[in-house]
Amino acid sequence: MKKSYLFGAMCVAALMIIGWAGNALAQETAKSTLDNLQAAFNGESNAKAKYEAFAIKADEEGYKQVASLFRAAAHAEGIHAASHGKVITDMGATPKADVGKPEVKSTKENLEAALKGESYERDTMYPAFIKQAEADKNQKASRTFNWAISAETEHAKLYQEALGNLDAWKAGPKEFIVCQKCGYTTAKTDIKQCPVCSNPRSKMDAIK
Amino acid sequence: MIKKTGVYLLALAGAGIILAFVGQNLFVVSPVGGTIASDVSLQLLTAGRIAALLGAYVLLLQLLLIGRVRWIEQVFGLDRLSRAHHYNGLAVLVLLMLHPVLVTFGYSLRDDVPFFEQELDFLRNWEDVLSAAIGLSLLIIIGILSIGFIRRRFRYELWYGIHLPLYIAVALAIGHQFEVGSDLTLNNYFRFYWYFLYGFVAVNLLWYRLLRPILHALRHDFRVDRIEAEAEDVTSVYITGRNLARFRRRPGQFLIVRFLARGFWREAHPFSLSCPAEANYLRLSIKRLGDFTGKIPRLVPGTRVIIEGPNGVFTPGRCKREKVLLIAGGIGITPLRAMADELLQQDRDVTLLYGNRKQNGIVFERELAALSEKGLRVVHILSDEPDYPGEKGVLTQEAIARLVPDVADREVFLCGPPKMMQGILKSLHALNVPRRHVYYERFAL
């Protein structure tokens, strides 16, 4: 029996050593990943401002549920920006964003623009960033990008849904759940746990 | 053999399903791009989840092992199951203690939070973590008290009582599994599987530990018929009941009995049947060894009895050879006494070596004499009786070889105090009796 205790202790010790070694490796990062992080930080910060403006417009036009969705998405983008920003700070740099004045059109056009933006991040931008971060063995960057891409995928789905049946998205507001850790956004209010980062429901925000 | 393999396969399949689900969850649900290969924190978290799921699984197995579950018990025997329970308990402790360490370490690495701060966050802010932590602490305390040298300081009854909070520990941790176990919250099939495991164990325990004994008590109305002094410090309790023929039992099996009388009803104890299977009564012959067994002579006829069992696979059913050797030490005679009739009826060549300290310690002396007229060869061996004309001393290898020269051709049934059994098992091995021809049962559960 002593053997099995010893074996267990050795397993834990081995995992700890792997953990520290991995962490140390992650500190040494390539410049390009830092650039990507800055680009993503800038993108998310702008998206947050844009969605907040879109939400006001949607409320004005009576699309209460769409307004809720934009508010939830804005909250999520803010979480992504903060998450990217933290990695940038950990790498010894300062997060920089140049937030411009959002171009606000009709709610339908805003949704189309938002969908386009999310699709670009989902299909082009983040996959390239993740590939680079993994090549650099930068686990923190890879993780924050992965969290963002998961959330953007959900955002795109929700925008698509709203566009498909815009009239049904008037009566509201509608409740969305946003994970405080990774920004995962869903309309499923009975969710118990974040499927992306495992955060419990108590650490997810309800946004209307 | 086939049955044994079947039960092993069933248990392995149960664990295999867990690993399969965790495996597919990793690729289906967890972060896009499958970063587990490069993300150490994710690897730690995954290891932590697997430790928790397997830990909970072996914990459920632990309950089945000791739950008098008949379809398992009749394959392995309760004495072996209780040993398995002991070792399995270590697996439960190791896996479930690894879980919080791995998960906390994983999260603290991922989110750059010191280990203990992360631990506090779990306990304070995560639903059901605190109750699960209390459950685990209970489990650890019970586990520590189960370590051999500590356990032996307790009386059996206290020991039994210490185990009951285990059910509370299990209950405290259930919410944690269903609320924050990501494999369960995110996959409906897996959640149903988990419900099924709990349901399966609960049904088995309820039926075999609670309902079945009650049903038997109602159907057979077991009552103490009479009490008889058998030998020094040994008392036979005769139990009668309705339709006893339908209470199927084999000689060599034991019952776990609870006498419903003042001073008795709180405790259930295992005792071997000491009468042939066809008897129209149940007889337990009990030696005074502790507080409970010391009270046995004071039992009153008419007392109701709740019976769990019969248990055990130490029966003549396993006998394949013509020649049989029974070896008994002290009160270990009871199951062998019960078997003797059946073995003789099957026309087997049966020898009994029966060791005791003194002549007045010999149990069933007259019954054994009667059996020897039906062909049973009985040799008494006494260790503390210098003037005894027969065999004196203890059962050494030399004594066995001399008294039973054809021992290697015999199947051996052995029952006695642990030290004696140990010695005799060694002697039998030295005398070329193959292990598969030796049957024994450990008294202590």
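Computed from the coordinates by the stated procedures, all read-outs in this text should not be read as laboratory data. Everything numeric here is computed off the predicted structure, so don't read it as measured data. When we count neighbours, we look across all protein chains shown, and the Cβ atoms used for this are built from the backbone with ideal geometry, even at glycine.
Counted by Cβ distance under 11 Å from B:V363, the other residues give a net charge of -2, where Lys and Arg count +1 and Asp and Glu count -1.
Residues whose amide H comes within less than 5 Å of that of B:S285, counting only those at least five positions distant or on another chain, are B:V237, B:S274 (H built at 1.01 Å from N in the peptide plane). Calculation over all alpha carbon pairs of the range B:34-99 in 5 angstrom steps from 0 returns a P(r) of 4, 19, 20, 16, 12, 10, 8, 5, 5, 2 percent.
By DSSP, the beta bridges lying fully in chain B are antiparallel in about 50 percent of cases. Quick one: angle between helix B:78-111 and the longest Cα principal axis of chain B, in degrees between 0 and 90, rounded to 10, please. With both axes taken from Cα atoms, the answer is about 10 degrees. Name the residue farthest towards the positive end of the dipole of chain B from the options B:S108, B:V224, B:L186, assuming +1 on Cβ of Lys and Arg, -1 on Cβ of Asp and Glu, about the Cα centre. Projecting each Cα onto the dipole axis, the largest value belongs to B:V224. When the range A:32-171 is described by a simple charge dipole with +1 on each Lys and Arg Cβ and -1 on each Asp and Glu Cβ, the residue from A:M91, A:N36, A:Y63 located farthest towards its positive end is A:M91.
Relative intensity of the range B:2-211 on a log10 scale, I(q)/I(0) at q = 0.10, 0.17 Å⁻¹, equals -0.48, -1.27, per a Debye sum over C-alpha point scatterers of equal strength in the absence of solvent. For the range B:226-255 versus the range B:292-324, the inter-centroid distance based on Cα atoms is 6 Å. The string of couplings for the range B:225-236 from the Karplus curve (6.51, -1.76, 1.60, θ = phi - 60°) is 8, 7, 10, 10, 6, 10, 7, 4, 6, 10, 10, 9 Hz, one whole number per residue in order, with x for Gly and Pro. Counted by Cβ distance under 9 Å from B:G330, the other residues give a net charge of +2, where Lys and Arg count +1 and Asp and Glu count -1. Which shape class applies to the range B:86-141: rounded if a/c is under 1.5, otherwise prolate when a/b exceeds b/c and oblate if not, where a ≥ b ≥ c are the square roots of the Cα gyration tensor eigenvalues? Cα axes put the range B:86-141 in the oblate bin.
Helix B:333-345 and the longest principal axis of the C-alpha atoms of chain B enclose an angle of approximately 70°. Peptide B:180-186 has a mean of 5 when you count, residue by residue, the C-beta atoms of other protein chains within 10 Å of its C-beta.
Work out the mean other chain Cβ neighbour count within 10 Å for the residues of B:103-109 and drop it here as an integer. Kindly include the intermediate steps, with their values, before the conclusion.
Numbers: counts 1, 0, 4, 3, 3, 1, 7.
Mean partner shielding for this stretch: 3.
Residues whose amide H falls under 5 Å from that of B:L352, counting only those 5 or more places apart or on a different chain, are B:L326, B:R377, B:V378, B:V379, with hydrogens built in the peptide plane.
So for the range B:303-445, averaging the separation of alpha carbon pairs under 8 Å that are six or more residues apart and normalising by length, what relative contact order in percent results? Provide the component values of the computation, followed by the final result.
Working: 210 pairs, mean separation 37.5, N = 143.
Contact order relative to length: 26 percent.
Computed from Cα positions, the angle between helix A:64-90 and the longest principal axis of chain A comes to roughly 30 degrees.
Highest GNM mean-square fluctuation, chain A, Cα pairs closer than 10 Å: which of A:I130, A:I191, A:I149? Its mean-square fluctuation being the largest, the pick is A:I191. The radius of gyration of the Cα set in the range B:369-415, together with its Dmax, comes out at 12.2, 33 angstrom.
Using a/c under 1.5 as the rounded threshold, could you call the range A:141-208 rounded, prolate or oblate? The axes a ≥ b ≥ c are square roots of the C-alpha gyration tensor eigenvalues, and prolate needs a/b larger than b/c, oblate otherwise.
oblate
Each stretch of four or more DSSP H residues adds -39500 (n - 2.57); spread over every residue of chain B, this sum gives -16500 deg cm²/dmol at 222 nm.
Taking every alpha-carbon pair under 8 Å whose residues sit at least 6 apart, chain B reaches a relative contact order of 12 percent. Working note: Cα atoms of the protein assembly as shown, range along each principal axis, descending, whole Å: 113, 50, 39.
Within the range B:126-178, list the trypsin sites (Lys or Arg not before Pro) lying in a DSSP loop whose Cβ has at most 14 other Cβ atoms in a 10 Å radius. Here the sparse-neighbourhood loop sites are B:R152, B:R153, B:R155. About the centre of its Cα atoms, chain A shows a dipole size close to 780 debye [charges on the beta carbon of Lys, Arg (+1) and Asp, Glu (-1) only; nearest 20 debye].
Beta bridges from DSSP with both residues in the protein assembly as shown: antiparallel share about 55 percent, rounded to the nearest 5. Assign one of three labels to the range B:316-440, namely rounded, prolate or oblate, based on the Cα gyration tensor with a ≥ b ≥ c the square roots of its eigenvalues; rounded applies when a/c is under 1.5, prolate when it is not and a/b is larger than b/c, and oblate otherwise. Oblate, since a/c reaches 1.5 and b/c is not below a/b.
Using helices alone, I'd like the mean residue ellipticity at 222 nm for chain A: each DSSP H run of four-plus residues gives -39500 (n - 2.57), total over residue count, nearest 500. Kindly include the intermediate steps, with their values, before the conclusion.
On the way: 6 runs with 133 residues, N = 208.
Calculated at 222 nm, the ellipticity per residue is -22500 deg cm²/dmol.
Mean per-residue shielding of peptide A:193-206 is 5, counting Cβ atoms of other chains within 10 Å of each Cβ.
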